[in-house]
Amino acid sequence: MVIDRISAARGCLERVGGDLLLVTNLSNIRYLTGFTGSEALLVLSPDDGWFLTDSRYTSQAGAEVTGARVAEFSNKMESLVELLQKLQPSKVAFEAAHTMVAVYLELCSKTPQIEYLPADAEMTALRSVKDAGELEILERVAAIASESLLETLARVTPGMTEGEAAWMLEVAMRERGAENKSFDFIVASGERGALPHGKASGKRLAKGELITFDYGAIYGGYCSDETVTVSLGEPDSRQREVYETVLGAQRAAMNAVHPGLSFRDLDAVARDYIASRGFGEYFGHGLGHGVGIDIHEHPAASPRSKNVIQEGMVFTIEPGIYISGWGGVRIEDTVVAESHGCRCITKVPKDLIVLP
């Protein structure tokens with residue numbers, strides 16, 4: 001499987017017109033080679049590969065890396081320049097979006113004979129469609145996270161802080177085998193629900209409030225992402241109206257998914273639904289994003305997206321309404337596009353959950 005991925009990466013060279021491909025993004029390095037450490041470079045030619053890491057990871061790389069020869073460096077830049085001078089390419093494809101300006105300038109100054117060609121679009125596309133092994137892991141991590149939230153919700157009580165609820169959720173995930181959380185959890189209650197990225201705070205939960213939980217786990221190196229908004233005590237008519245509007249928009253978008261549909265048009269399905277109910281001005285962000293090794297990756301679903309749904313893509317569908325001074329609702333599931341629609345891999349039911 002890893003060899004096939006490296007072969008696909010080599011295809012970038014032909015499309016970009018490079019002699020070598022320089023990979024510096026650790027997520028892409030993990031995807032291509034299996035390496036799980038935090039310091040590495042990967043250089044690929046049409047028929048060979050070199051994996052550079054430091055002494056902390058030499059043994060680990062020897063056990064994990066497939067498809068490239070492992071070499072140890074003491075100074076990353078010096079070792080890279082030495083390798084490039086030995087290989088003598090005229091053009092090197094690289095990940096411009098993941099390269100600091102200072103690093104790029106130093107590389108150019110030390111290898112002035114080489115032309116560096118951005119290959120971000122080509123590299124991004126490599127991970128867009130998930131294979132069977134990735135889908136299995138993504139389903140497992142989604143189940144870990146969903147089960148953990150359901151356990152946590154059963155223990156949420158008025159007077160508990162948002163931070164305490166977030167900690168209970170993280171512990172529940174760890175107990176189920178999660179390696180880590182995929183991002184800092186959002187637990188936003190009452191008026192704080194109007195903050196799309198309202199990280200868990202010291203605010204105490206109170207009866208009559210909506211609470212938004214946006215959370216995820218990491219397992220097998222892959223992330224999950226799911227958002228559930230619940231009511232602590234019986235909701236009032238306004239809360240139900242907003243919730244049902246967001247839920248209707250999410251279900252409409254999920255029902256619209258099929259290969260060949262643009263993500264811009266998918267976004268419009270949910271956005272138009274919310275606007276038709278009079279809440280259009282309160283949905284500001286894009287409908288969703290890809291999920292995999294990174295919590296946010298290609299493709300994006302937004303009014304500006306140029307991407308098209310392909311079978312095997314994994315992405316979120318997460319419309320929301322955020323009203324300053326009142327609160328908000330977001331509902332998010334992660335789905336995998338299939339031949340005639342999509343399959344939801346996150347597991348918490350999205351009909352409004354009312355906590356006692």
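What follows is calculated from the coordinates using simple rules that are stated; it is not laboratory data. Remember, predicted model here, so these are calculated numbers, not experimental data. FYI the Cβ positions are ideal-geometry reconstructions off the backbone, even for glycines, and counts take in every protein chain you see.
Can you spot a residue in region 74-83 that is at positive phi and surrounded by 15 or more Cβ atoms within 10 Å (Cβ to Cβ)?
No; the residues of region 74-83 include none that is at positive phi and surrounded by 15 or more Cβ atoms within 10 Å (Cβ to Cβ).
Would you pick out the residues in region 100-120 that are surrounded by 13 or more Cβ atoms within 10 Å (Cβ to Cβ) and either under 21 Å from Ser224 (Cβ atoms) or of a type in the set (A, V, I, L, M) (or both)?
Those that are surrounded by 13 or more Cβ atoms within 10 Å (Cβ to Cβ) and either under 21 Å from Ser224 (Cβ atoms) or of a type in the set (A, V, I, L, M) (or both): Val103, Leu107, Ile114, Leu117, Ala119.
Specify which of the listed residues (Ile309, Ile331, Ile293) is under 13 Å from the mean Cα position of the chain (by Cα) and under 27 Å from Ile137 (Cα atoms).
Just a single option satisfies the conditions, and that option is Ile293.
Check every one of the helices (runs of 4 or more DSSP H) wholly within region 113-215 and list those with 1 or more residues that are of a type in the set (Phe, Trp, Tyr).
Because the criterion is at least 1 residues that are of a type in the set (Phe, Trp, Tyr), the helices (runs of 4 or more DSSP H) in region 113-215 that meet it are 162-175.
Have a look at Asp184, Asp131 and point out the one that is farther than 17 Å from Ile295 by Cβ, within 20 Å of the chain's Cα centre (by Cα) and surrounded by fewer than 17 Cβ atoms within 10 Å (Cβ to Cβ). Outline the logic, then answer.
On the way: Asp184 fails: farther than 17 Å from Ile295 by Cβ.
The match here is Asp131.
Kindly provide the set of residues from region 286-333 that are under 30 Å from Arg238 (Cβ atoms) and of a type in the set (Lys, Arg), ordered by number.
Arg330
Please enumerate the residues belonging to region 220-245 that are closer than 27 Å to Gly159 by Cβ and part of a helix (DSSP H, G or I).
Ser237, Arg238, Gln239, Arg240, Val242, Tyr243, listed by residue number.
I'd like to check which strands (runs of 3 or more DSSP E) are fully inside region 279-331 and have at least 3 residues that are in contact (Cβ under 8 Å) with a residue 24 or more places away in the chain and not small (Gly, Ala, Ser).
Strands (runs of 3 or more DSSP E) meeting the threshold: 297-301, 314-317, 320-323.
Test of understanding: among Val81, Val103, Val70, Val92, which residue is over 25 Å from Gly220 (Cα atoms) and part of a strand (DSSP E or B)?
Matching residue, one of Val81, Val103, Val70, Val92: Val92.
Does region 48-95 hold any residues that are free of Cβ contacts under 8 Å to residues at least 60 places away in the same chain and hydroxyl-bearing (Ser, Thr, Tyr), and which are they?
Pass one, region 48-95, residues free of Cβ contacts under 8 Å to residues at least 60 places away in the same chain: 48-65, 69-83, 85-86, 88.
Listed by number, the residues that qualify are Thr53, Ser55, Tyr57, Thr58, Ser59, Ser74, Ser79.
Just wondering, is there one or more residues in region 153-162 that are in contact (Cβ under 8 Å) with a residue 60 or more places away in the chain, surrounded by 19 or more Cβ atoms within 10 Å (Cβ to Cβ), in contact with a helix residue (DSSP H, G or I) (Cβ under 8 Å, 6 or more places away or on another chain) and β-branched (Val, Ile, Thr)?
Within region 153-162, one or more residues are in contact (Cβ under 8 Å) with a residue 60 or more places away in the chain, surrounded by 19 or more Cβ atoms within 10 Å (Cβ to Cβ), in contact with a helix residue (DSSP H, G or I) (Cβ under 8 Å, 6 or more places away or on another chain) and β-branched (Val, Ile, Thr).
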